[in-house]
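**Q** Can you read through this structure? Questions will come right after.
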Amino acid sequence: MKKLTLLLIVVVAGVTLNAQQKPYYTQYILNNYIINPAMAGIENYWDAKVSHRHQWVGLEGSPITTYATVQGPLEKSGFARETPVTVHPEGENPRGEAYYQNYRAPLPHFGLGFTVINDATGPLNNFEAYGTLAYHLPVGEKTTLATGVNIGLQNMRLDASKLNFGTANPQDPAVAGNGYLNQVKPDLSVGVMLYSAKYFIGLSALQIIPERIKYSGDSLAKITGKVVPHLFLQAGYRFLLTEDINFLPSITAKYIDPLPLSIDINAKMQYRDFLWVGASYRPNNGFAAMLGLNINSTINIGYSYDITTSQLNTVSRGTHEILIGFLIGNKYGDWCPRNVY
């Protein structure tokens, strides 16, 4: 088991260096801002979220990801009006038919956002911090086009003391020393999102600066890696099944060279502004179940549990992810987003 664990860690580390370097999230459908900077400022309040994800529980050195985000409009003047979702008439659903009939695109406005992420996998640790500027422009009575950019830094750290190559090879030429080896790199991401009351279509590119990664002080070392762009294409549509129940299916395609295209198929069922359940399926990888609750107009919480269908399922006990959201300056008391995501 120890040998298998070490082998899996090495494989994960190799993937981290050469292919997928950004962490994976299950509940991004509750915080699309984490993968698309265009979402900053989409609502009339500041939305703060904290998430903790433990992947492949039971496997030593498995990925653990924690992040905090906060995003909101630079000015609220463009939102200074009530909508069907800002009031809760007795016996009526604020997300019912009136929501679709009376929805109007927000006025042009800027959005700001800030993100910190810490992603640890075995001896590797990646810390990211960046700020976001977005702009939301109505292109129709009910449709808005948003664009956004993230600018920040990544600190990639390797704890070489945790690496063991055996007595015959006590030190790998790609790694110098036995302490903490750091690489600080600039981080730039861009995104665009078209959204209305019923649908959204988004495209984003994360980590688009092609910087080299080398954990060695030896200038002759030939084993290096590089950060690679992560491309996301998303689309979703909201159906009003009954006056009290909304159904939101969505799909996300992710491409990271040289990995094959991966796809998430998501479905979210929401009862009024109070309770929702969801599921996600990743072909040839696994599936997840999700559950969320809007406690009030200030606090919401979501939980997901992933099961992999790969051979990792024989040594792990699944993946747990929890997300807590705080709605700051929620003037009209929205219980959940008025715009689709």
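What follows is calculated from the coordinates using simple rules that are stated; it is not laboratory data. Nothing here was measured: the structure is a model prediction, and the numbers come from that model.
**Q** On a 24 Å Cα-Cα criterion, which of the cross-link pairs Lys162/Lys254; Lys22/Lys142; Lys22/Lys162; Lys49/Lys226 come out too long?
**A** Lys162/Lys254; Lys22/Lys142; Lys49/Lys226
**Q** Against the empirical 2.2 N^0.38 Å scaling, what ratio does the C-alpha Rg of segment 252-331 come to?
**A** On the way: Rg = 15.7 Å, N = 80, 2.2 N^0.38 = 11.6 Å.
It is 1.35.
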